[in-house]
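Peer 1: Take a look at this one; I'll ask things after.
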Amino acid sequence: MNKVAIVVLADIETFEALGRVVNALQAVKEFKAAKDDVQLIFDGAGTKWIVELSKPEHKYKDLFDAVKDKVTGVCSYCANAFGVKEGVQKSGCPLTEDYEGHPSFQKLVSDGYQIITF
């Protein structure tokens, strides 16, 4: 079984960024279908995607909903810095503060996870 952490860092500002987040969600969906140990983490400007993808009218809301159970962390520090912390809390996605308010990538690596960033 693979152990993979998919990390979304892309901002919401561009069409290219939309492509990156969709690719991340598709990758999580594929690992999930294969019954691999997969985690989806939103960090940096990527924390803004939680609010965007939670909107009922968003084109990729269904894809997000299909993998939302694999969201293991949204950076608390970054969600606050980018002004989306309240929206993340409303979404039900867990905020994480493992290392100085951020997710711990060291812990993921120590636990044997391969990290893929988008």
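Throughout, read-outs are computed from the coordinates displayed, never taken from laboratory work. The shown structure was predicted, so the numbers you read here are calculated from the model rather than taken from an experiment. Cβ atoms come from the backbone with ideal geometry, glycine included; neighbour counts cover every protein chain shown.
Peer 1: When you scan region 11-118 for helices (runs of 4 or more DSSP H) that lie fully inside it, which ones turn up with 3 or more residues that are of a type in the set (A, V, I, L, M, F, W, C), more than 23 Å from Met1 (Cβ to Cβ) and free of Cβ contacts under 8 Å to residues at least 60 places away in the same chain?
Peer 2: In region 11-118, the matching helices (runs of 4 or more DSSP H) lie at 15-33, 48-53, 76-81.
Peer 1: Out of the residues in region 75-86 that are of a type outside the set (Phe, Trp, Tyr) and buried (at least 18 other Cβ atoms within 10 Å of the Cβ), state the one that is nearest to Gln26 (Cα to Cα).
Peer 2: The qualifying residue nearest to Gln26 (Cα to Cα) is Cys75.
Peer 1: Spot the failing condition for Lys59; the list is (1) under 13 Å from Thr117 (Cβ atoms); (2) surrounded by fewer than 16 Cβ atoms within 10 Å (Cβ to Cβ); (3) not small (Gly, Ala, Ser), and only one is missed.
Peer 2: In the conditions (1) under 13 Å from Thr117 (Cβ atoms); (2) surrounded by fewer than 16 Cβ atoms within 10 Å (Cβ to Cβ); (3) not small (Gly, Ala, Ser), Lys59 misses (1) alone.
Peer 1: Taking the residues in region 1-16 that are within 9 Å of Gly46 (Cβ to Cβ) and among the aliphatic types (A, V, I, L, M) as candidates, determine which candidate is surrounded by the fewest Cβ atoms within 10 Å (Cβ to Cβ). Outline the logic, then answer.
Peer 2: We begin by selecting, within region 1-16, every residue within 9 Å of Gly46 (Cβ to Cβ); these are 7-12.
Going one step further and asking which of them are among the aliphatic types (A, V, I, L, M), we end up with 7-10, 12.
Values: Val7: 22, Val8: 28, Leu9: 20, Ala10: 24, Ile12: 17.
Going through the qualifying residues, I end up with Ile12.
Peer 1: Within region 105-118, count every residue that is surrounded by fewer than 16 Cβ atoms within 10 Å (Cβ to Cβ) and over 14 Å from the mean Cα position of the chain (by Cα).
Peer 2: So the answer is 7.
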